[in-house]
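The values are calculated or read from the model by the stated rules, or taken from the named source; none is laboratory data. Because the structure is a prediction, the values reported are computed rather than measured. Here the Cβ positions follow ideal geometry from the backbone for every residue, glycine too, while neighbour counts run over all protein chains shown.
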Amino acid sequence: MLTQATQPATTPMTALELAQQLKARFPGLISEPSEFRGEITLKVGDAERMPEICGVARNELGFDYLVDITGVDNYGDDPRFAIVYHLYGYGHLCPLRLKTDVSEEKGEVPTVTGVWRTADWHEREIYDMMGLRFRGHPDLRRILMWEGYPHFPLRKDFPLAGKPTDVPEVAFTQPAPLEGGPFVTVAGGENAMSREPRVRVPEPETGSN
């Protein structure tokens, strides 16, 4: 029997090694890992395979925590959109990023709510802000804007100043929230502080004693 002092030490796997294992499971589908500031990213060539790939990452490689899913609008490029999955494993303490492209024409990928339940809200937010749909999502509806709102505020062709929107029979029928609000950053200015939205919020009036 090995004593505590003579037991062989096990070296935990790195994020790069785990990424290489995932790539090996899907030959020709996943890119070589790229590293930036110590973080590893894999590019997935077919968005339709994301649930399968994520399932392996979770069940076999220990990425049990879905930190976030984000949408990226590469306006002017084709494919226009990218969806980025930020993963983490509490057992090995390694992060991993999976990224896949989505064309504007298609605008849809399969949901990964069957892998991580928390994908529910992340996918709803991307749908709400970017207009990308997640096929098979159990409850794909807007999460921040109201139902019937006709725009997608995080697309790059949505103006910072907002768009006037008059939607009948909803509680909010004034211009869209960014329309001329005090939280819109001012262009120019002497420095970054002068452009900060909070600088333009009027100070409350105080009565004299």
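The table for this structure:
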item	result
Those residues of the range 29-59 which are modelled with pLDDT under 95 and of a type in the set (Gly, Ala, Ser), in sequence order	GLY38
Total residues in the range 77-105, condition surrounded by fewer than 18 Cβ atoms within 10 Å (Cβ to Cβ), touching a residue at least 12 places away in the same chain (Cβ under 8 Å), not polar (S, T, N, Q) and not in a strand (DSSP E or B)	7
Test result for ALA24, of a type in the set (Gly, Ala, Ser), within 18 Å of the chain's Cα centre (by Cα), in the same structural domain as TRP116 (by TED's automatic domain parsing) and not in a strand (DSSP E or B)	no
The one condition in (1) closer than 26 Å to LEU132 by Cβ; (2) outside any helix (DSSP H, G or I); (3) β-branched (Val, Ile, Thr) that THR11 fails to fulfil	(1)
Any chance ARG142 is in contact with a helix residue (DSSP H, G or I) (Cβ under 6 Å, 6 or more places away or on another chain) and either modelled with pLDDT of 85 or more or not in a loop (DSSP other than H, G, I, E, B) (or both)	yes
For THR113: the one exception among (1) in the same structural domain as PRO33 (by TED's automatic domain parsing); (2) part of a loop (DSSP other than H, G, I, E, B); (3) without any contact (Cβ under 8 Å) to a residue 40 or more places away in the chain; (4) surrounded by fewer than 18 Cβ atoms within 10 Å (Cβ to Cβ)	(4)
